[in-house]
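The values are calculated or read from the model by the stated rules, or taken from the named source; none is laboratory data. Please read these numbers as outputs of a predicted model, since none were measured by experiment. Heads up, the Cβs are rebuilt from the backbone with ideal geometry, glycines too, and the neighbour counts pull from every protein chain shown.
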Amino acid sequence: MVYTIVVHLYAKDDPTAISKLQFKLTEASQVYSRDRETVGWHVMQDISDPRKFTIVERYERESSQKYHLENPYWKTFDPFVMPLLEKPMDLMRFEELDPTLGSHVAEESSADPSVGQMYAGAT
């Protein structure tokens, strides 16, 4: 299954720091998306707080990270990004669930209301 890393970053309260972080994260996405066994490398910025950023890294398997870590660009990332952050990066690791494992649940819950029925009349 796909191995996923989610990283939350919080920029310093400085428009220059935010701008530099936007640039570096966008650049990193372009570089890392081409790494071998990388399914996707996405960056996002919070719509209500421009200081909040999220990176979602998706790899074919946990061992695929080695290609990411061996990329020469990786050595430039932390030294550039860390001084722009107000607090340390928050990194979480996940294994995506196999959606086919839940197929028996659908059969067992056939009497359950549909999503449409659950929210009928909701405003």
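Quick notes
- Where a residue in the stretch 1-12 is closer than 30 Å to Asp98 by Cβ and its partner, wherever it lies, is of a type in the set (S, T, N, Q), with Cβ under 6 Å and at least six apart: His8/Thr54
- Qualifying residue in the stretch 79-87 (condition: outside any strand (DSSP E or B), aromatic (Phe, Trp, Tyr) and either modelled with pLDDT under 95 or exposed (fewer than 12 other Cβ atoms within 10 Å of the Cβ) (or both)): no
- Count - residues of the stretch 25-36 that are in contact (Cβ under 8 Å) with a residue 12 or more places away in the chain and exposed (fewer than 15 other Cβ atoms within 10 Å of the Cβ): 2
- Test for Met118: is it modelled with pLDDT of 95 or more, surrounded by fewer than 10 Cβ atoms within 10 Å (Cβ to Cβ) and aliphatic (A, V, I, L, M): no
Quick grid of which residues meet (1) touching a Ser or Thr at 6+ places or on another chain (Cβ under 8 Å); (2) not in a helix (DSSP H, G or I):
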site	(1), (2)
Ile18	no, no
Gln22	no, no
Val31	no, no
Gly40	yes, yes
Pro50	no, yes
Phe53	no, yes
Ser64	yes, no
His68	yes, no
